[in-house]
Each structure stands twice: as C-alpha cells, then as structure tokens.
1. Give the residue that is nearest to residue B:208 (Cα to Cα), with candidates limited to residues of segment A:99-118 that are open to solvent by less than 10 Å² (accessible area, probe 1.4 Å) and at the interface with chain B (Cβ under 7 Å from one of its Cβ atoms).
2. Examine segment B:113-121 for a residue that is in a strand (DSSP E or B), small (Gly, Ala, Ser), open to solvent by less than 10 Å² (accessible area, probe 1.4 Å) and under 30 Å from residue B:141 (Cβ atoms), and state whether such a residue exists.
3. Test each condition in (1) open to solvent by less than 10 Å² (accessible area, probe 1.4 Å); (2) more than 23 Å from residue C:234 (Cβ to Cβ); (3) touching a strand residue (DSSP E or B) at 6+ places or on another chain (Cβ under 6 Å) for residue B:87 and report the one that comes out false.
4. Of all residues in segment A:55-77, how many are of a type in the set (Gly, Ala, Ser) and open to solvent by 10 Å² or more (accessible area, probe 1.4 Å)?
5. Here are some residues: B:318, B:322. Which one is open to solvent by 60 Å² or more (accessible area, probe 1.4 Å) and of a type in the set (Phe, Trp, Tyr)?
6. Has segment B:176-183 got at least one residue that is outside any helix (DSSP H, G or I) and outside the structural domain of residue B:21 (by TED's automatic domain parsing)?
7. Residue by residue through segment B:48-105, note down the ones that are touching a helix residue (DSSP H, G or I) at 6+ places or on another chain (Cβ under 9 Å), of a type in the set (S, T, N, Q) and in contact (Cβ under 8 Å) with a residue 12 or more places away in the chain.
8. Residues to consider are C:227, C:236; find the one that is touching a residue at least 40 places away in the same chain (Cβ under 8 Å), open to solvent by less than 70 Å² (accessible area, probe 1.4 Å), under 30 Å from residue B:41 (Cβ atoms) and more than 9 Å from chain B (Cβ to nearest Cβ).
Amino acid sequence: MAEEFEPKIVAFLCKWCSSAGSDLAGVSRMEYPYNVVPITVMCSGSISPLYILSAFSRGADGVLVSGCHPGDCHYIKGNFYARRRIALINKLLDFIGLEPQRFQMSWVSAAEGTKYTEIIKDFVKELKPLGPQTKLGRDL
Amino acid sequence: MVSLEDLKKEAKQILKENKVKYIIGYKKSTNGLMPVPAFIKEPEEVEKLVWDPTCVFNLTRYLVDEKRRKTKEKEPDERPVGLVVKGCDSRAINILLQEKFINREDVYLLGVSCENTGVLDEKKLTKKIKGEKVKKVEFDEKDNFIITTQEGKTKIPAKEILANRCLECKANFPVIYDVLLGEKAKRSIDNPFESIEKIESLSTEERWTFWKKQLDKCIRCYACRSVCPMCYCDECVADTISFAVTADTTAEEKAQKIKWVEKSPVSSENFIYHMVRAIHLAGRCIDCGECERACPLDIPLRFLNRKLEKEAKELFGFEAGFDPDQPSLISCFKDEDPEDFIR
Amino acid sequence: MQKVLTKKSLPQWVKKLLSYTIYTPVEEDDHWNFVATDNPEDINLDYPLTTLSPKKIIFPQREIFLEFCDSTEGNPEVKEVLPAEKSAVIFGVRPCDAKALTFTDKVFGGDFKDIYYWKRRNQTTLVGISCNTPPYTNCFCVSVNGSPYSKEGLDILLTDLGDKYFVETYTKKGEKLLNLAKGLFKSPTAKDKKDLEKIRIDSKKKIKRQIKNIKKIPPKLKEMFDSPFWDEESMSCLRCGICTYLCPTCHCFDINDEITSSSPIKGKRIRTWDTCQFPDFTMHSSGHNPRPDKASRLRQRILHKFLYFVDRYQNYQCTGCGRCISLCPVGIDLLEVLDKVRDYGS
C-alpha cells in the first residue's frame with residue numbers, strides 16, 4: 001500500500017497568543033497531527049509576505065499565520081495590520097493559481113489550545129487530498 | 001485641446017524666471033516612433049518639447065534619480081524640477097508625496113490632459129498600420145487618433161490602439177499640478193477591472209498555467225523594477241547584495257544576510273520576485289503600466305498590480321494616488337476590515 | 001558548397017535531422033523567440049528578429065557547474081555537472097547573431113577554455129538566414145564591418161530566393177547536415193547565382209541606420225573617460241539590464257552557490273548572466289563601488305564595446321543587431337551616443 005501523504009505545514013504563531021495557545025495544547029496533552037513546524041514570531045503584524053513566500057518556496061505544503069484576536073494584540077494593533085496584509089497576500093496567492101486551501105490565517109488566544117488543535121486537524125485534512133505543493137517549491 | 005505652443009511657452013517662462021532647475025519632458029526620438037525623455041536646462045532648448053499620444057513614458061521615475069543625485073551634492077540646488085505629467089503620472093507624484101519621498105516644493109508640475117483618450121500602444125499601432133512609417137500621431141475630438149504616414153492621414157478608433165492601461169484609466173487628467181493644459185474631461189468606463197475579471201473567472205489550475213508560462217519567460221533584467229516610479233528602495237530583496245554594506249558591516253553580518261531570491265531565472269525565483277514586487281506595490285501602484293511596457297518579453301505584469309488594486313478597492317475601499325494626505329494602504333486599518341477568511 | 005533547396009522540401013530536410021535538438025524562431029505573445037521543436041513544419045525562417053539571440057542556447061542564462069552536498073563524515077560530496085550530450089541545430093540564425101558568437105568564442109576560448117561554453121558551441125550547428133530586408137528598424141550591421149549575409153560564425157547560410165533557398169555551407173558540421181538529405185539539394189543554376197547576387201546588393205542598400213567614421217570613435221573614447229558627457233547621456237538611463245542581456249555579444253556572468261536544502265547543506269554552483277548595468281555588478285564587499293552611478297555604467301558599456309574590446313581583439317564588440325536600441329524602455333540610442341562621441345569637442 002502506498003504511504004499516505006503527510007503534508008508539511010509551516011505555522012507562524014505570534015508569541016503572546018497563538019504560540020501560547022499551541023503550548024497549552026501541548027502541556028494539556030491534547031492530540032493533534034504532527035505535521036506542523038511552528039515558528040514563533042513577536043506579532044502576526046511582523047510577518048513579512050516574504051516569510052510566507054519563502055516557506056512555500058522551501059517546500060511547505062501549507063502555511064498558517066496565527067495571531068491574537070482583534071483587540072487582544074499585545075502591541076494593541078499589530079494583528080489589525082496583519083489582517084489587511086494577509087488578506088492581500090491571500091488574494092494574490094489565489095490569483096496566481098495556488099490552491100486557496102494552502103494558505104490560512106487564524107485567531108488563537110493563549111487559552112484556546114483546543115481551537116489550535118482543531119485548526120491544525122482541519123488544515124491537515126484539507127491538505128491531504130491536494131498532495132505535495134510543487135508550484136512554488138524551489139526548482140533550482 | 002493641449003496646445004504644444006502653450007506648453008512650450010509655459011516651460012520657457014519658468015526656465016527664464018529661474019523657477020526650476022530643469023524640465024523633464026518629452027522630445028522626438030532618433031530611432032523610433034515613441035518620444036524619449038528630454039532634460040531641458042536652457043530656455044532655447046524648449047523647442048525640442050513634444051506632446052502627442054505617443055508620449056507614453058512616466059517621467060516621475062526620474063525624481064528618484066534626482067533625489068539620489070541631490071543627496072550627494074554638497075550644496076544642492078534647492079529649486080524644483082519641472083515635470084510634464086499626465087493623469088497617471090500625477091497620481092505617482094501623489095504617492096511620492098504621501099510617502100514623503102519628495103516634498104511638494106521639489107516639483108513644478110506641468111499637467112497635460114490626455115484629451116479624453118490616452119496614449120497609444122506602440123505594438124498595437126505597428127500591427128495596425130502594417131509596417132508603414134508613422135510620421136505623426138494626433139488626438140482627435142471624438143475618441144480617435146489621426147495617424148499620418150507616407151500614405152496620408154488615417155483615422156483610427158482610439159480603442160483599437162490605446163495602451164491597455166488607458167483603456168481602463170479612471171482619471172486621464174492630472175489630479176495634482178501647478179499648471180494644467182487641456183481640459184479635465186471625464187470619461188466613463190463600464191468596468192475598469194474587466195481584464196482582471198477575465199483571469200479571475202479561470203479555474204485555479206488554468207490561472208496557474210497562465211502565470212507559469214508568463215513568469216517562466218522572465219530573464220530578470222529588472223526593467224519592470226527600474227522603470228517603476230514606486231520602486232525607489234535603496235535595497236531590494238532581489239539583488240545579490242540586498243543590504244547597504246558600510247565600512248562597519250562585519251563579515252559575519254554579510255554571511256548571515258538571507259538571500260530571499262536567488263539569481264537563477266527559474267520558475268520559483270521568478271515567482272517570488274514578481275509576487276514580492278506586486279505586494280510591495282499594493283496600494284501604491286497607480287497603474288501607469290510602465291512595467292508591462294518595458295518588459296522585453298511581454299509579460300502582462302500589470303495584471304498582478306491591477307489585481308491588488310482591485311482587492312484594495314473592494315476589501316478596503318482604498319484608491320491609490322488621489323489624495324496625498326491619506327495613510328498608505330497597509331499602514332492603516334479599519335475595525336470593520338473583512339476577516340471572513342480567518343478561522 | 002553551394003546548393004539550392006526548394007521551400008517545400010525544407011520540412012523534409014528537417015525531418016532527417018530529428019536526432020538533433022532543433023530550434024526555430026517562434027512567435028510568442030508579441031515577440032519572437034528561439035524554441036526547441038520536434039515538428040519539422042514549425043520551422044519558420046520568415047521572421048523579424050528574436051528578442052533574445054541564440055546566445056541564450058550556446059551560453060544559457062543559467063548554467064549548473066556542480067552539485068554539492070555536505071555529509072556527516074566531513075567529506076562533502078561534489079559532483080561536476082556538464083551540459084548534456086545532444087547535438088543541436090538552430091534554424092534561422094541572423095548573420096549578426098552568428099557573428100556575435102565569434103566574439104564570445106574569443107572570450108571563452110582564450111588561455112582558459114570554458115568547457116561549458118565550448119561543449120554547447122561544438123555540438124550546435126548554426127543554420128543562418130540572410131536578411132534580404134532588414135529584420136529590424138534599427139539594424140546597422142554594415143557600419144560595424146558586418147553584412148546582412150555575413151558567413152562569420154555560421155555553418156550554413158540560406159538565402160531566400162522566392163520559392164527556394166540558396167544554400168551555402170562553410171564548415172564540415174554544415175556539410176554533414178546536407179549529406180543527411182542529399183537528394184533534396186540541387187546544384188544552383190546560373191540564374192540562381194545571378195538572383196543571389198542581386199538580392200545581396202539590394203539587401204545592403206536597404207539598411208538605413210549607420211555610424212559614419214566609426215574608426216574615429218575608439219581613439220575619441222580613450223580621451224573621454226572623465227568627460228561630463230556620460231552624465232548627460234545617461235540622464236534617462238534606468239539601470240535595467242535589457243541592453244546587455246539582449247545583446248548577442250555581451251557575455252558577463254556571475255557565479256553563485258544556490259542552496260536547495262540547509263540540513264544537510266545541499267546546493268548547486270550556478271553561473272548566471274550578469275550585467276555591468278546593475279549597481280551590484282561592481283560592488284565590493286567593503287561597500288565601495290567603483291562604478292557608483294549610471295553615468296559610469298553607460299560609459300563602461302560603450303567603452304567595453306568600442307574601445308577595450310577593439311584594443312584586445314581588433315573588433316568592435318557589436319554586430320549591429322539593434323536590439324539595445326529598439327528595446328530600451330527609454331529609447332537610448334546607441335548610434336546617437338556614438339555619433340555624439342565622434343563629434344565631441346569638435
């Protein structure tokens with residue numbers, strides 16, 4: 001039997017909420033797929049489009065950007081900026097023909113360990129039928 | 001109608017009065033139909049100036065050079081630079097003002113109206129007249145161009161030979177100027193985003209095939225970046241040396257700098273370059289279409305920028321280049337910004 | 001060897017050559033480009049000028065030199081990569097583009113022979129097409145010692161005589177191609193030869209653009225290194241790479257290690273085109289840039305082509321194809337610049 005495809009997800013998590021949320025999922029021993037490589041950043045507003053494109057370019061099958069809920073940002077409004085920027089990147093990725101399921105954004109607070117696991121579970125489930133992401137992968 | 005004589009008169013006047021350092025306008029080319037940039041310093045040289053529908057270049061690009069030159073001068077000449085601007089070019093000025101790249105007193109703007117039509121596409125015209133030598137191109141009152149060749153005068157409907165950007169232009173007269181030549185003719189377009197919607201209506205795979213074919217052609221000559229008035233960064237992620245090296249930069253710092261885009265003109269690197277450029281121009285691109293015109297391999301680069309222009313308008317009600325005092329697209333937000341794509 | 005080939009039998013000839021990779025000019029979007037094909041019917045010799053010259057096949061924009069991979073034992077693996085063994089034929093090479101290759105031959109074939117370049121050069125046969133009418137509005141080959149039917153660098157030259165091609169071979173490589181389809185080629189009649197002569201005389205006359213007294217230019221350039229002339233002329237330059245990347249004679253390159261995986265480190269050493277028009281071309285690691293502005297870069301382009309190259313190889317490094325003029329986004333006219341150089345100060 002052919003081995004089932006296991007997607008690689010790069011998750012950019014803000015330090016104050018989403019990263020803490022993923023930690024909560026961990027210390028609470030919640031089970032969720034191991035397909036995620038988390039990268040903690042200071043704020044979802046600090047994520048450059050280049051990070052996202054580079055993740056795809058280095059072989060990520062999916063990219064997740066996660067930050068604090070609106071109003072909860074540690075830096076007051078970083079996630080509002082992120083919301084705009086990510087909306088535009090989202091549209092552009094879709095426009096050039098990347099499957100829209102491959103790029104997602106979420107709000108996960110430090111208390112939402114369960115939500116984090118749900119998001120990852122759903123993400124993996126959506127990525128599996130798509131197979132590996134080769135469109136933006138490096139072909140050097 | 002813009003009278004060339006008026007333009008020359010105005011130019012001569014400001015040069016004589018020493019109001020400006022020099023004037024950037026258009027002059028006849030020695031090798032083809034399209035006029036080339038003219039840098040006019042003396043009142044006598046004003047006679048070189050031309051203005052007709054072949055004046056496609058966006059001259060605001062040269063303000064970037066001017067600023068770089070000025071920062072190097074010990075005692076810079078503080079007088080403004082005179083600049084001939086069309087509708088789209090004037091919006092570029094607004095962006096440069098908005099971003100405080102230039103000050104209003106750095107430029108003296110000779111606004112010219114595109115006479116309800118726009119400028120023409122050299123390739124479309126060449127195809128249309130099948131190799132005949134064009135002597136003169138004029139605006140006509142009623143959505144036509146009058147083309148003079150050896151064979152005589154012909155009237156060609158503007159729609160057939162207008163540059164793509166002009167077909168979708170929403171303000172073909174200057175929005176900011178010191179002198180305005182020609183009238184502010186309003187022109188209605190049914191759907192300014194028609195070409196974008198055509199691509200959007202394709203399936204994901206079809207869109208991918210389209211862009212892969214187009215961007216694989218790229219040879220990374222960076223003409224699109226060089227010709228763009230908004231691409232004024234001193235450091236660009238696409239360059240091998242993408243950061244300013246000073247005497248204090250250590251070897252370690254140099255080694256640790258991330259190379260975001262490799263020099264190889266392969267699919268993945270071309271995509272990163274063009275997408276980064278598109279994102280960086282979101283809310284800043286004023287659709288002068290110069291990137292697309294300059295591209296020697298005819299990559300439809302305008303579509304990438306237009307797509308984000310469309311999204312900026314639909315998602316955030318944002319239009320670039322009309323108000324120099326508005327905050328830039330991605331350095332502001334509204335509470336009600338859409339978030340239906342967020343989980 | 002002189003032969004004639006009817007236009008109808010061109011595809012039949014190409015059919016016999018299918019063991020080669022065959023390139024032909026193809027119209028893509030709004031420009032022409034050399035593309036590999038295996039359909040003999042695709043060969044198109046009636047075309048203007050390709051945006052990229054056949055330089056892109058002999059000296060590709062991206063060449064892999066070697067692949068490397070780090071290993072845990074401390075013995076990194078290094079594997080040399082050479083161009084694939086596959087002979088190629090390029091149809092429809094313009095004489096100016098072929099002549100340009102004779103210049104890059106000198107550069108890559110001096111004391112050090114560039115194996116990558118020569119491998120491709122030697123396994124490629126160039127089938128040229130004379131320019132009976134100038135394919136480009138800015139053609140000026142005659143001014144730089146070229147001609148619309150120059151044989152330099154070509155293996156075979158075809159000349160359109162209406163319903164047939166006049167075929168001339170200049171090398172063994174070229175003759176080999178003809179020998180693969182012997183029956184198709186006939187000996188030229190006296191009329192064919194007369195027609196050829198007439199077309200050739202006409203074709204030279206049709207070239208409109210020219211540089212007068214080009215011989216005066218190199219010595220003039222020698223004196224003009226520090227002239228403010230370059231500041232004036234480069235005012236409109238955008239510092240893009242079009243003029244040099246599209247030039248059939250420009251051959252500058254950069255070599256980079258491009259990493260495909262960081263753990264273990266895996267990557268390739270790659271040669272890519274580079275151009276003197278980019279600011280980082282001459283950037284030192286100290287941060288000093290000896291050619292800091294576009295004036296010095298334009299000067300470099302002109303001086304390299306019309307002074308340094310002449311000093312070294314007794315030839316202008318320009319074949320008059322006109323690409324840098326026609327495709328410059330701001331219409332910088334090489335011929336106008338050279339005219340001004342020649343008349344500068346007099």
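1. A:105
2. No, every residue in segment B:113-121 fails to be in a strand (DSSP E or B), small (Gly, Ala, Ser), open to solvent by less than 10 Å² (accessible area, probe 1.4 Å) and under 30 Å from residue B:141 (Cβ atoms).
3. That leaves (3) as the condition not met.
4. 3
5. Unique residue meeting the criteria: B:322.
6. no
7. Within segment B:48-105, B:54, B:58, B:60 qualify.
8. Values: C:236 fails: more than 9 Å from chain B (Cβ to nearest Cβ).
Every option except C:227 fails the conditions.
The values are calculated or read from the model by the stated rules, or taken from the named source; none is laboratory data. Just so we're clear, the structure is a prediction, and the values are computed from it rather than from any experiment. Note that each Cβ is placed from the backbone with ideal geometry, even for glycine, and that neighbours are counted across all protein chains shown. SASA here: full protein model, heavy atoms, side chains in, ligands and nucleic acids out. Shrake-Rupley method; radii C 1.70, N 1.55, O 1.52, S 1.80 Å.
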